[in-house]
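Step one of this worksheet: look at the structure below.
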Amino acid sequence: MDRMVLLLLCAAPVVRCFSSGLVTGSCVDMLPNHSGLSPQTDPAPFSVTTDHSNYTHGEEVKVHLQALGSKSFTGFLLQAREEGGQSPVGSFSLTTEAAQLLLCSQRPNSAVSHRSESVKMSIQAIWRADAKGDGKPIQFHASFVQSYKIFWVNVKSLALTFNNDSTGGSTSLPPDSTNSSNTTLPPPTTMAPNTKPPRNISSTECGVTKVCFSQPAHCDPAVSAGCYFMSALMLSSGAVHFEMTGPSDGYVSFGLSDDQLMGNDDIYICGIGSNGLVALQHAYSTGRTTPQAVPLGNVSEVRVSAQDGVISCSFTSMNSISTHRTSGFDKTYYLMLVHGPSRNGQIQHHRATFISAEKINIFKPQTLSKARWPHIMKAHGALMLIAWMTTGSLGMIVARYLKGVAKGQSLWGKDVWFLVHVAVMSVTTAATIIAFILSFSHVKGWSGGAHPVLGCLVMILSFFQPIMALLRCGPQHPLRFLFNWSHALNGFVIKTLAVAAIFTGLKLFDRTLDQWLMKVMGGFVGWEVLFYVLLDGHFKWKTNNEDTLDSKMISVDVLLMALFLLGNISFLVALLVGIGTS
């Protein structure tokens, strides 16, 4: 027992030294020496980037350690080494109290590590090249510790080449972009000192030497000012030359993604900054929130312009593509092309999104087509429209206003109006259930913002509505009024939620610049409201004029219903066609 206590006391300082970042024993292999544990082998959810693509003797380079997406790290170790070498070179200085300098290979300040186990999303340090040296390419190596059992070793930056030109010539980031937590576009003069207007961006060589994606399909930005276009050309140096252009009063942007949904995407934004000039921004998105800015990294040959309402950017990037789940140029990704407004240099929600129908490999030139909604999701949207804008509306109108049309007529011992109401509302409930199953069987998850929430509420309340009707008391029961009010109120709530769900769903479907589907749906709702007002007015008039001939009243009811159904079906067909072609 005494030996065990002594062993624990001896081990305590070692445990504390790891959390304090004094990990000089890890200088060579970069391993955190967590007993019996091995580093992760999947791509690291962290990046090591610099604000220079080359260096000269004695020059300072900003190095940025960044967590991608929602991941964070508690510990880290950073060194600079000659490409292929094992010994540290140069020296570091600090810009944050969360880091400390270490002595590695008897070289003072040759490494940087954490000071505590606090959660970190990013760390910046400044590295100074040696005053003399062989001028070999330099790479920054880092290890990241997420938890005691989960860590990544030897995550590398792109290599910095030695520049014999004493004036430098490297590409620098603006001072405020390395720690930015939003997507405010900095002035382009600070982002790229040698920024020039882009060369003529066109669809020439699409599918031959470069990957192209455009909206409308196969448009040429050199010919049409209304063409949204991006391309990627793999260069022999291993870098990728990107182009993007399109009409916008704020920004155009493209992203590379593992799926066709927003979130965990590697993004480049070409937008108008607060000074009215165009700037290039690198960002990363997490979920359906505003993308978070990350260092521009190893980007060169930046060319930007804004002319006649068209924004354009072209640039060459040595940055590795990373979507958290996938990393590297040689992997496949979906392309997303968006545009939207900006305010004081801050990008706003995009007006339209164009997503490629298939994944692409940048190494393989091709021309992409825009993705279409899967048939199963189109069926979901069509069923919900039919259910709650046609059959559901008809069932509610019959129960509320048309009881007198077939007065005294019955079938199977039930009033005709009641049988019609039950039939169309049964169809409405069945269509809602089928639409609900189709959507969740396809998505297999929870995405789309408010739309799935509204859809679930509609489904739950629609399920209880017929149960409530089956358990109702008799017409002469003194508590019958409670059923009448609760049944009508629940129906009104379902209808309201269904209309809101359809609007939010059509917003996902509608990729048109003028939001055509949304406008048609607005007209559809307005048409229904108009006839509810007319029918309600006529209903009250009938109540106050009981001496008027029933045949005259019925004729007005029939006329109003005929007009209502004519307009209803017209709006319905227009929306179904729009969904079918989306």
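The values are calculated or read from the model by the stated rules, or taken from the named source; none is laboratory data. Remember, it's a predicted structure, so these values are computed and weren't measured experimentally. Neighbour counts are summed over all protein chains in view; Cβ atoms, including those assigned to glycine, are modelled from backbone coordinates with ideal geometry.
Miscellaneous remarks
- For the criterion of being buried (at least 21 other Cβ atoms within 10 Å of the Cβ), out of contact with any Asp or Glu (no Cβ under 8 Å at 6 or more places or on another chain), closer than 25 Å to Asn200 by Cβ and of a type in the set (S, T, N, Q), Gln307 fails.
- Leading residue by the ranking (surrounded by the fewest Cβ atoms within 10 Å (Cβ to Cβ)) among those in the stretch 476-510 that are within 34 Å of the chain's Cα centre (by Cα) and either over 27 Å from Ile433 (Cα atoms) or among the polar types (S, T, N, Q) (or both): Thr496
- Qualifying residue in the stretch 108-125 (condition: among the basic types (Lys, Arg), surrounded by 17 or more Cβ atoms within 10 Å (Cβ to Cβ) and touching a Gly at 6+ places or on another chain (Cβ under 9 Å)): yes
- Exclusive hit being surrounded by fewer than 21 Cβ atoms within 10 Å (Cβ to Cβ), under 21 Å from the mean Cα position of the chain (by Cα), in the same structural domain as Lys331 (by TED's automatic domain parsing) and of a type outside the set (Phe, Trp, Tyr), set Gln281, Gln260: Gln260
- Residue list for the stretch 104-121, restricted to those being more than 13 Å from Val28 (Cβ to Cβ) and of a type in the set (A, V, I, L, M, F, W, C): Val112, Val119, Met121
Okay, residues lined up against (1) at pLDDT 80 or above; (2) basic (Lys, Arg):
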{"residue": "Lys359", "(1), (2)": "yes, yes"}
{"residue": "Ile362", "(1), (2)": "no, no"}
{"residue": "Lys370", "(1), (2)": "no, yes"}
{"residue": "Trp373", "(1), (2)": "no, no"}
{"residue": "Lys378", "(1), (2)": "yes, yes"}
{"residue": "Leu385", "(1), (2)": "yes, no"}
{"residue": "Trp388", "(1), (2)": "yes, no"}
{"residue": "Met396", "(1), (2)": "yes, no"}
{"residue": "Arg400", "(1), (2)": "no, yes"}
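- Of all residues making up the stretch 327-357, the number that are in a loop (DSSP other than H, G, I, E, B), modelled with pLDDT under 80 and of a type in the set (S, T, N, Q): 0
- Inspection of the stretch 238-255 identifies at least one residue that is in a loop (DSSP other than H, G, I, E, B) and under 20 Å from Pro365 (Cα atoms).
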